[in-house]
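The values are calculated or read from the model by the stated rules, or taken from the named source; none is laboratory data. It should be emphasised that the depicted structure is a prediction, and the values quoted were computed from it without experimental measurement. We place every Cβ from the backbone using ideal geometry, glycine too, and count neighbours over all the protein chains shown.
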Amino acid sequence: MKLEKKARHFARALMAGAVLVLSAPVVVGAETAKDHAAANVQVPGYYRMALGDKVTVTAFYDGPVYLKTSVLNPVEGVDFTSLLQAMSVPVTRDGVQTSVNAYLIQQNGRLTLIDSGASDCFGETLGRLVSNIDASGINPDNIDAVVVTHMHPDHACGAINTDGTAAFRNAEFIAPKADADYWLSDAIAHSVPESERSFFKAAQRAVQPYKAAGRFRTFEKGEPPVPGIQSVDEAGHSPGMTGYLIEGGDKQLLVWGDVIHSHAVQFKHPEVSVVFDHDPKSAVQTRKRILNDVVTGKLWVAAAHLPFPGIGRVVTDGAGYRWVPVEYGAVR
Ligand SMILES: [Zn+2]
């Protein structure tokens, strides 16, 4: 009897529930396991912008690298902690989240990738470039050239897969001559302490399959690496660091490499260098010159280490500068 009573009670409860559902067309709590899983996956890391009607630039996200605030060389009177706090930049145990971006230029029927991310050279958080290129609808096999701003691992390593094969099977690898002469030199690599040799090894490994296939070349300071893209000398952070200027009708874009590592600190204080600077003094001079040039020339900027997509404008702000990121919008 007791069981029968329970069953009747259950049936009544079900009926009540059914009535409740029928009388309440707005169903609360319909999230499925699939919806829940989707909430934990980021959108693909690419962003497009047109330069005039003939050139398109696509920013690609390779992932984040975490930099300790100790990579910033101290300057008297500049308080890094308060500058980071003023921009609400979280400083975690791992350091400050710093974006690694690369840029694809589509013009005259050519695909030129500027910088290539880090592949497996800088840990597991990086190395997403190729999957983001795929997600954007571009076939990596169609990329004609990989042009690097400089040969540090977070710019050059992504030209190869983790097994050492070329990530861009039909591309040339093109580097500024002064940078290639430095980072690909065995003599220089052997002249530095063992602890500093990893960047040399990474650069040599990145170009290896391209060299073997006869598809590696360099260009002299001031020369265009490929038709339609001008080079801009940015030596300092690396011996031959180079920015790339692209004319797109009403807009001009400078893909500037590593002019800024910490947006919260170095726009306001361009005099702050970083420990990775090959020549900190000329890195500071380059930063000051480039910041002035992009403001006076009203250039758009695409920046390897500014928050993704790293595209925006620079404006003056007091004695320093301020970054104005691009607003999300249609390509054209
Ligand atoms: Zn870098």
Of all residues in segment 284-331 being of a type in the set (Gly, Ala, Ser) and not in a loop (DSSP other than H, G, I, E, B), the one that is nearest to residue 59 (Cα to Cα): 302
Filter segment 280-295 for residues that are crowded, with 19+ Cβ neighbours inside 10 Å and within 16 Å of the ligand (Cβ to nearest atom); the one that is farthest from residue 70 (Cα to Cα) is 290
Residues of segment 134-151 satisfying the condition of being within 19 Å of residue 118 (Cβ to Cβ), of a type outside the set (Gly, Ala, Ser) and surrounded by fewer than 18 Cβ atoms within 10 Å (Cβ to Cβ): 134
Residue under evaluation residue 254, criteria (1) away from the ligand (no atom under 15 Å from the Cβ); (2) surrounded by 23 or more Cβ atoms within 10 Å (Cβ to Cβ); (3) closer than 24 Å to residue 75 by Cα, criterion not met: (3)
Can you pull out the residues in segment 163-203 that are more than 24 Å from the chain's Cα centre (by Cα), of a type in the set (S, T, N, Q) and surrounded by 13 or more Cβ atoms within 10 Å (Cβ to Cβ)? 185
In segment 257-279, anything over 17 Å from residue 179 (Cβ atoms) and more than 15 Å from the ligand (Cβ to nearest atom) is listed as 264, 265, 267, 268, 269, 270, 271, 272
Which residue pairs have Cβ atoms closer than 6 Å, lie 6 or more positions apart in sequence or on different chains, and pair a first residue in segment 221-247 that is over 18 Å from residue 105 (Cβ atoms) with a second residue that is of a type in the set (A, V, I, L, M, F, W, C) and more than 16 Å from the ligand (Cβ to nearest atom)? 239/178; 240/178
Do you know which residues across segment 296-332 are touching a helix residue (DSSP H, G or I) at 6+ places or on another chain (Cβ under 6 Å) and either at positive phi or within 16 Å of the ligand (Cβ to nearest atom) (or both)? 301, 306
Would you tally the residues in segment 43-70 being in a loop (DSSP other than H, G, I, E, B) and modelled with pLDDT of 95 or more? 4
Candidate set from segment 233-251 (those that are hydrophobic (A, V, I, L, M, F, W, C) and crowded, with 22+ Cβ neighbours inside 10 Å); member that is farthest from the ligand (Cβ to nearest atom): 246
Suppose we filter 272, 207, 232, 265 for residues that are in a loop (DSSP other than H, G, I, E, B) and either in contact with a Ser or Thr (Cβ under 8 Å, 6 or more places away or on another chain) or not acidic (Asp, Glu) (or both); which single one remains? 272
